[in-house]
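Here the structure is laid out as structure tokens; the discussion comes afterwards.
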């Protein structure tokens, strides 16, 4: 049976946060995985909402540097509260469809038969919705990625 009374010391927290850094939003790690907070894995795809927001206005105001002067970016949690967040998710699904189609079929999305497009769209929607839900829930809770 697992010990549920474990406590992490300040030194332990420091050791974990130093290489990972606490990021107050969702981001892609160097392996291309979507993460949140201190390296919490959201899923093993790129963070397509960040990619969509990085394409320009009006979303660029939510794309911030993890550290000043770095090119490592994250999507600020407040993006989930934007009244047009659904439009960002739609754009992110389109980007995800393209990336997934290329990875799975080495083709363009519009060259796939309808049945295969439906599979890709379902996977792309899931890849966008999972971290999108996390962003919304954490923005409402105001947490740093902790449940």
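Report the relative contact order of the range 22-141, percent, no decimals, based on alpha-carbon pairs under 8 angstrom and at least 6 residues apart.
26 percent
Quick check: residue separation of residue 40 and residue 3 times 0.36 nm, minus the Cα distance between them. What number comes out in nm?
Stretched out fully, the residue 40 to residue 3 stretch lengthens by 11.2 nm.
How much length is gained if the chain between residue 60 and residue 118 is pulled fully straight, taking 0.36 nm per residue apart and subtracting their Cα-Cα distance, in nm to one decimal?
Between residue 60 and residue 118, full extension yields an extra 17.9 nm.
Sort 125, 101, 55 by Cβ crowding within 10 Å, fewest neighbours at the top.
In increasing order of surrounding Cβ atoms, one gets 55, 125, 101.
Compute the Cα gyration tensor for the range 22-141, then decide on rounded, prolate or oblate, letting a ≥ b ≥ c be the square roots of its eigenvalues: rounded whenever a/c is under 1.5, prolate when a/b is larger than b/c in the other cases, and oblate in all that remain.
prolate
Give the order of 81, 98 when sorted by the count of other beta carbons within 10 angstrom, beginning with the fewest.
Ranking 81, 98 by Cβ neighbours within 10 Å, fewest first, gives 81, 98.
Between residue 13 and residue 67, what FRET efficiency comes out of the Förster formula 1/(1 + (r/R0)^6) with R0 = 22 Å and r the beta carbon distance, rounded to 0.05?
0.75
Values quoted throughout were computed directly from the atomic coordinates according to the rules given, and no laboratory measurement underlies them. Bear in mind that the values here come from a model prediction, so they are computed numbers and not experimental data. Because the Cβ atoms are built from the backbone with ideal geometry, glycine has one as well, and the counts that use them run over all protein chains shown.
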